[in-house]
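The values are calculated or read from the model by the stated rules, or taken from the named source; none is laboratory data. All values reported here derive from a predicted model rather than from experimental measurement. Heads up, the Cβs are rebuilt from the backbone with ideal geometry, glycines too, and the neighbour counts pull from every protein chain shown.
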Amino acid sequence: MRVVEFINTIEETVGAGGVEYENRVYAALQSAQIPGLDLGTVGGAGYSRFGAGDIEATFNGNAFNIEVKANKNAQLGGTSVRVDPENNVYEVVTPDAIDSDALPFYIQAAQNKADDVIAYINFVKTLEPAALHANLPNTIPFGSITKDAWNQAQSKGFLTKLNAIESFDNAKIIAATYNRKGVYYIQIGGAGLFYLGSNPLNLPIPEFDGAVNIEFRLGRAGSKERRLGNQIVRVVAAGYRCQGRLNTTVQSPYTLDDPNSVKKLFGQ
């Protein structure tokens, strides 16, 4: 089975809002002037020099790598996926468009949709014209199908099953994706600072608890005419889009985007 491995060295793709919030956190940490807190030098991509978090700092010589998310429902990126259950192939089309830490969740979510993909295609195979539908591969993206077949599959509920959210709400599994690259802390706008899995600096903060949600949508392209023998039919093609989001309701007593809170966190 082809499965994308966890990536140890990454360059996270963030929107303008994410970068702005990273700058705010970095400025607050600087302003707090905590003895023993070394923020290092800025790397080529934000404040991450080696891919170990968005901000790579040390405290009294110990690693203090921090993942930074702008809010409790931060987007992890949108892309398309290829789903081929018969060959056990599940691929993200544009991996650079998503948060690399979340990549394994996109792959696993695509695997979870395998049965729904097969059910959708198998239903379409039963519909006329057979010359177009009978030999469709059990994959998404799929070849052209008639617009009428699309509408029938939708009315039978097959599209609803494909357009669904796959949720990963095991905090330990989420933490492991960050721990693999040496990140044990996450700062979330509006929620504060949390530890991921373990708390090597023994900071007085709670453990992160939340979910990664991957939202799927089978997106239809515009219809066009196609000749099948003496028959003209309208056909459509489709791609499988997905959008990842972080979702949490937890709250920390400390936040790194406020210099006063940073000082209290470190007992200053």
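Anything in the stretch 89-106 that is surrounded by fewer than 20 Cβ atoms within 10 Å (Cβ to Cβ) and assigned to a helix (DSSP H, G or I)? List them, or say none. Scanning the stretch 89-106 gives 95, 96, 97.
Is one or more of the residues making up the stretch 195-203 aromatic (Phe, Trp, Tyr) and in contact (Cβ under 8 Å) with a residue 24 or more places away in the chain?
Start the filter on the stretch 195-203 by keeping residues that are aromatic (Phe, Trp, Tyr), which leaves 195.
Now restrict to residues that are in contact (Cβ under 8 Å) with a residue 24 or more places away in the chain: none.
No, that holds for no residue.
Please determine whether any residue of the stretch 252-267 is out of contact with any helix residue (DSSP H, G or I) (no Cβ under 8 Å at 6 or more places or on another chain), crowded, with 21+ Cβ neighbours inside 10 Å and among the aliphatic types (A, V, I, L, M). Yes.
One residue stands out among those in the stretch 220-243 that are part of a strand (DSSP E or B) and without any contact (Cβ under 8 Å) to a residue 60 or more places away in the chain: the one that is nearest to the chain's Cα centre (by Cα), which is 224. Residues in the stretch 167-185 that are in a helix (DSSP H, G or I) and either in contact (Cβ under 8 Å) with a residue 24 or more places away in the chain or touching a Cys at 6+ places or on another chain (Cβ under 8 Å) (or both): 171, 172, 174, 175, 177, 178.
Kindly indicate whether any position in the stretch 118-135 is polar (S, T, N, Q), more than 30 Å from residue 267 (Cα to Cα) and touching a strand residue (DSSP E or B) at 6+ places or on another chain (Cβ under 6 Å). No, every residue in the stretch 118-135 fails to be polar (S, T, N, Q), more than 30 Å from residue 267 (Cα to Cα) and touching a strand residue (DSSP E or B) at 6+ places or on another chain (Cβ under 6 Å).
Select from the stretch 154-166 the residues that are part of a helix (DSSP H, G or I) and in contact (Cβ under 8 Å) with a residue 12 or more places away in the chain and write down the one among them that is farthest from the chain's Cα centre (by Cα). Outline the logic, then answer.
Our first condition is that a residue be part of a helix (DSSP H, G or I); within the stretch 154-166, this holds for 154-155, 158-162.
Those still in the list that are in contact (Cβ under 8 Å) with a residue 12 or more places away in the chain too: 158-159, 161-162.
Details: 158: 24, 159: 22, 161: 20, 162: 18 Å.
Looking at residues that are part of a helix (DSSP H, G or I) and in contact (Cβ under 8 Å) with a residue 12 or more places away in the chain, I get 158.
Applying the set (1) over 27 Å from residue 28 (Cα atoms); (2) part of a strand (DSSP E or B) to residue 246 leaves exactly one unmet item: (1). Among the conditions (1) within 28 Å of residue 249 (Cβ to Cβ); (2) assigned to a helix (DSSP H, G or I); (3) of a type outside the set (D, E, K, R), the only one that residue 132 does not satisfy is (1).
Checked against (1) at pLDDT 90 or above; (2) out of contact with any helix residue (DSSP H, G or I) (no Cβ under 9 Å at 6 or more places or on another chain); (3) more than 21 Å from residue 228 (Cβ to Cβ), residue 90 passes all but a single condition, namely (2).
Can you tell me which residue is nearest to the chain's Cα centre (by Cα) among those in the stretch 186-219 that are assigned to a strand (DSSP E or B), buried (at least 16 other Cβ atoms within 10 Å of the Cβ) and not aliphatic (A, V, I, L, M)? By that ranking, first place goes to 213.
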